[in-house]
Amino acid sequence: MAHIDIVDLVAGYGGSTILNGVSFSAGRGEVVALIGPSGSGKSTVLRVAIGLTPASGGTISIDGTPVDYARPAAVAALRRRMGIVFQQYNLFQNMTVIDNLVLAPVRTLGVPPAQAAARAHDLLARVGLADKAGSYPDQLSGGQQQRVAIARALAMQPDILLLDEVTAALDPERVGEVLETIRALADTGITMLIVSHEMGFVREIASQVVMMDAGRVVETGPPAAMFDAPTQPRTAAFMKAILRH
Amino acid sequence: MSAFFSTDTAAFLAGALGRTLWMTIIGCTLGLLLGAGLALLRRTQLRALAPLRLLALLHVEGFRRVPFLVILMFVLFFVQAVAPDLSLLGIATLAVTLTASAYLAEIVGAGLDAVPRPQVESAQVLGLSWWDRLVRVVLPQAWGVILPPAAAFMVMFVKDTALASQLGVVELAFSAKILVNKGVSPLLGYGAVLLLYAGISWPLGRAARLLEKRLGAHRHR
Ligand SMILES: Nc1ncnc2c1ncn2[C@@H]1O[C@H](COP(=O)(O)OP(=O)(O)OP(=O)(O)O)[C@@H](O)[C@H]1O
Ligand SMILES: [Mg+2]
């Protein structure tokens with residue numbers, strides 16, 4: 001059974017429809033990469049999955065059970081096991097790195113503060129930022145902030161992690177450190193949906209690639225097939241355009 | 001009481017000063033609380049709260065478009081109909097609260113909106129409750145934006161409370177007139193009141209600036 005199964009998802013903002021029936025799934029521990037041109041709806045898929053944008057049709061099932069996004073309790077339960085990291089890190093600017101990591105486990109999961117802090121320090125060490133616990137977000141580089149954001153999501157111990165272009169806002173020399181963090185994560189058995197334009201990275205880490213265009217899935221397949229022998233002309237054109245630089 | 005330099009005059013002025021301060025500080029503080037409530041209400045999404053959101057909108061837009069003097073009269077007649085025991089000072093304070101809440105709702109709202117929406121969404125997907133998002137994430141970042149204009153509003157409103165004299169509240173401005181009518185020289189009477197107004201505004205402004213500095217520093221310690 002798929003860990004997360006998305007079937008015929010339809011969604012939009014206000015009146016306009018952005019997703020026109022998106023379907024794909026990810027097995028437990030699998031890394032699935034969403035690729036496609038800007039505006040094709042990749043971020044929207046992730047936003048719908050975590051309940052930030054409502055869907056008007058289709059279903060998302062976790063372990064075979066459809067999530068009822070209209071029920072706040074169901075969304076709350078979902079968010080205890082699904083985390084998301086955005087392109088712009090979005091750390092809480094008014095608190096230190098450690099407080100960013102401790103807040104939700106304590107307030108949402110009821111973890112004792114001392115235990116949450118110990119776990120937060122472990123996570124910071126894991127992303128290579130053990131010495132930044134007392135810093136404020138704006139004292140860190142973009143790459144460091146992004147690693148904190150990943151650690152913050154992990155502090156909730158999710159079994160599904162959504163990553164939306166987490167390296168897109170970074171200086172080129174900072175991209176590597178964040179990719180390294182994600183690479184290490186992939187080996188922990190967490191299921192990941194990754195939106196990324198880093199094709200080399202996608203190829204290396206993803207077990208499956210989903211090519212989106214104009215709110216639909218154009219093609220799905222293992223990276224080797226998708227990159228070297230796409231069956232759809234749209235995929236081929238996109239690969240050609242993006243691999244040129 | 002024709003002699004200005006007497007304990008009677010001092011007590012009289014102190015009473016008037018007290019009433020001016022009361023109207024300003026109590027009125028604006030209650031106005032800030034009510035205004036914050038209105039600003040938060042207007043930013044809710046729940047469909048069930050739609051009628052309340054409309055009321056909040058009418059309140060904020062309405063009270064900002066009517067002169068304070070008219071609001072004073074309106075509150076006077078309304079209160080006399082439903083709670084005839086309320087003092088004139090109470091009525092004036094209520095008018096200040098209602099007026100201040102409309103302006104402060106806009107100021108608080110601007111502060112809330114200044115906190116980047118994605119940060120709030122991050123708090124949301126981390127499962128934080130509405131209250132936790134507000135208290136732990138939004139307000140600590142909004143205060144620095146809210147406080148300077150809110151304090152400026154309050155300092156400015158000190159002067160507007162003089163209109164309560166039209167209701168018969170013996171506040172500072174009215175007290176000067178009374179003193180002069182009793183034979184105190186206008187220079188002394190109005191001069192004293194002028195100094196007292198300046199004496200309120202200045203420390204209020206300073207306190208606000210200090211608080212602002214401290215809140216601004218809180219981010220970096
Ligand atoms: N909050 C929003 N309100 C209205 N329209 C939106 C909103 N967010 C996205 N859109 C629109 O939805 C469409 C799909 O956006 P989405 O962000 O899902 O695309 P994307 O594939 O992630 O693109 P990118 O690679 O640029 O991030 C775009 O046309 C975008 O303008
Ligand atoms: Mg996007």
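Observations
- Scanning the range A:192-220 for residues that are among the hydroxyl-bearing types (Ser, Thr, Tyr) and more than 11 Å from ligand 1 (Cβ to nearest atom) yields a total of 2.
- Top-ranked residue in the range A:105-122 [being surrounded by fewer than 23 Cβ atoms within 10 Å (Cβ to Cβ) and within 14 Å of chain B (Cβ to nearest Cβ); ranked as farthest from the chain's Cα centre (by Cα)]: A:Pro113
- Answer from B:Leu30, B:Leu21, B:Leu40, B:Leu54 - the residue that is surrounded by fewer than 19 Cβ atoms within 10 Å (Cβ to Cβ) and without any contact (Cβ under 8 Å) to a residue 40 or more places away in the chain: B:Leu54
- Taking the criterion of being surrounded by fewer than 18 Cβ atoms within 10 Å (Cβ to Cβ), of a type in the set (Gly, Ala, Ser) and either away from ligand 2 (no atom under 16 Å from the Cβ) or closer than 17 Å to A:Leu193 by Cα (or both), the residues of the range A:39-57 that qualify are A:Ser56, A:Gly57.
- All conditions but one from (1) polar (S, T, N, Q); (2) in contact with a helix residue (DSSP H, G or I) (Cβ under 7 Å, 6 or more places away or on another chain); (3) at the interface with chain A (Cβ under 10 Å from one of its Cβ atoms); (4) surrounded by fewer than 17 Cβ atoms within 10 Å (Cβ to Cβ) apply to B:Gln166; the one that does not is (3).
- Each residue in the range A:16-25 was checked for being open to solvent by 20 Å² or more (accessible area, probe 1.4 Å) and within 10 Å of ligand 1 (Cβ to nearest atom), and 3 of them qualify.
- Top-ranked residue of the range A:1-15 - restricted to ones that are among the β-branched types (Val, Ile, Thr) and either away from ligand 1 (no atom under 16 Å from the Cβ) or in contact with a helix residue (DSSP H, G or I) (Cβ under 8 Å, 6 or more places away or on another chain) (or both), ranked as nearest to the other protein chains (Cβ to nearest Cβ): A:Ile4
- Any hit, the range B:174-190, residues being over 23 Å from B:Ala105 (Cβ atoms), of a type outside the set (Asp, Glu), surrounded by 17 or more Cβ atoms within 10 Å (Cβ to Cβ) and free of Cβ contacts under 8 Å to residues at least 40 places away in the same chain: yes
- Residue identified as open to solvent by 60 Å² or more (accessible area, probe 1.4 Å) and more than 15 Å from A:Ala104 (Cβ to Cβ) among B:Val155, B:Val145, B:Val115: B:Val145
- Residue in the range A:162-174 that is out of contact with any Lys or Arg (no Cβ under 8 Å at 6 or more places or on another chain), outside any loop (DSSP other than H, G, I, E, B) and within 16 Å of ligand 2 (Cβ to nearest atom) present: yes
- Flag not set for A:Pro233, criterion: under 22 Å from the mean Cα position of the chain (by Cα) and either open to solvent by 60 Å² or more (accessible area, probe 1.4 Å) or free of Cβ contacts under 8 Å to residues at least 24 places away in the same chain (or both).
- As a summary of the residue check, A:Ala125 satisfies the conditions (1) modelled with pLDDT of 95 or more; (2) more than 16 Å from ligand 1 (Cβ to nearest atom); (3) part of a helix (DSSP H, G or I) except for the one numbered (1).
- Positions within the range B:110-138 being more than 27 Å from the chain's Cα centre (by Cα) and part of a helix (DSSP H, G or I), in sequence order: B:Arg117, B:Pro118, B:Gln119, B:Val120, B:Glu121, B:Ser122, B:Ala123, B:Gln124, B:Val125
- The set of residues in the range B:1-18 being of a type in the set (S, T, N, Q) and surrounded by fewer than 14 Cβ atoms within 10 Å (Cβ to Cβ) consists of B:Ser2, B:Ser6, B:Thr7.
- Taking the listed residues A:Gly200, A:Gly189, the one that is open to solvent by 40 Å² or more (accessible area, probe 1.4 Å) and under 16 Å from the mean Cα position of the chain (by Cα) is A:Gly189, with no other qualifying.
- Residues of the range A:166-185 that turn out to be crowded, with 19+ Cβ neighbours inside 10 Å and touching a residue at least 60 places away in the same chain (Cβ under 8 Å), as a count: 1
- Entry remark, the range A:80-104: residues being away from ligand 1 (no atom under 16 Å from the Cβ), open to solvent by 20 Å² or more (accessible area, probe 1.4 Å) and either among the acidic types (Asp, Glu) or in contact with a helix residue (DSSP H, G or I) (Cβ under 6 Å, 6 or more places away or on another chain) (or both) number 4 in total.
- Across the range A:26-56, the qualifying residues are those that are more than 14 Å from the chain's Cα centre (by Cα) and away from ligand 1 (no atom under 16 Å from the Cβ), and the one among them that is farthest from the other protein chains (Cβ to nearest Cβ) is A:Gly27.
- Within the range A:200-225, restricting attention to residues that are in contact (Cβ under 8 Å) with a residue 60 or more places away in the chain, in a helix (DSSP H, G or I) and away from ligand 2 (no atom under 16 Å from the Cβ), the residue that is farthest from A:Ile35 (Cα to Cα) is A:Ile205.
The values are calculated or read from the model by the stated rules, or taken from the named source; none is laboratory data. The shown structure was predicted, so the numbers you read here are calculated from the model rather than taken from an experiment. All Cβ positions, glycine included, derive from the backbone under ideal geometry; neighbour counts span all protein chains shown. Only protein heavy atoms, including side chains, enter the accessible area calculation; ligands, DNA and RNA are left aside. Shrake-Rupley method; radii C 1.70, N 1.55, O 1.52, S 1.80 Å.
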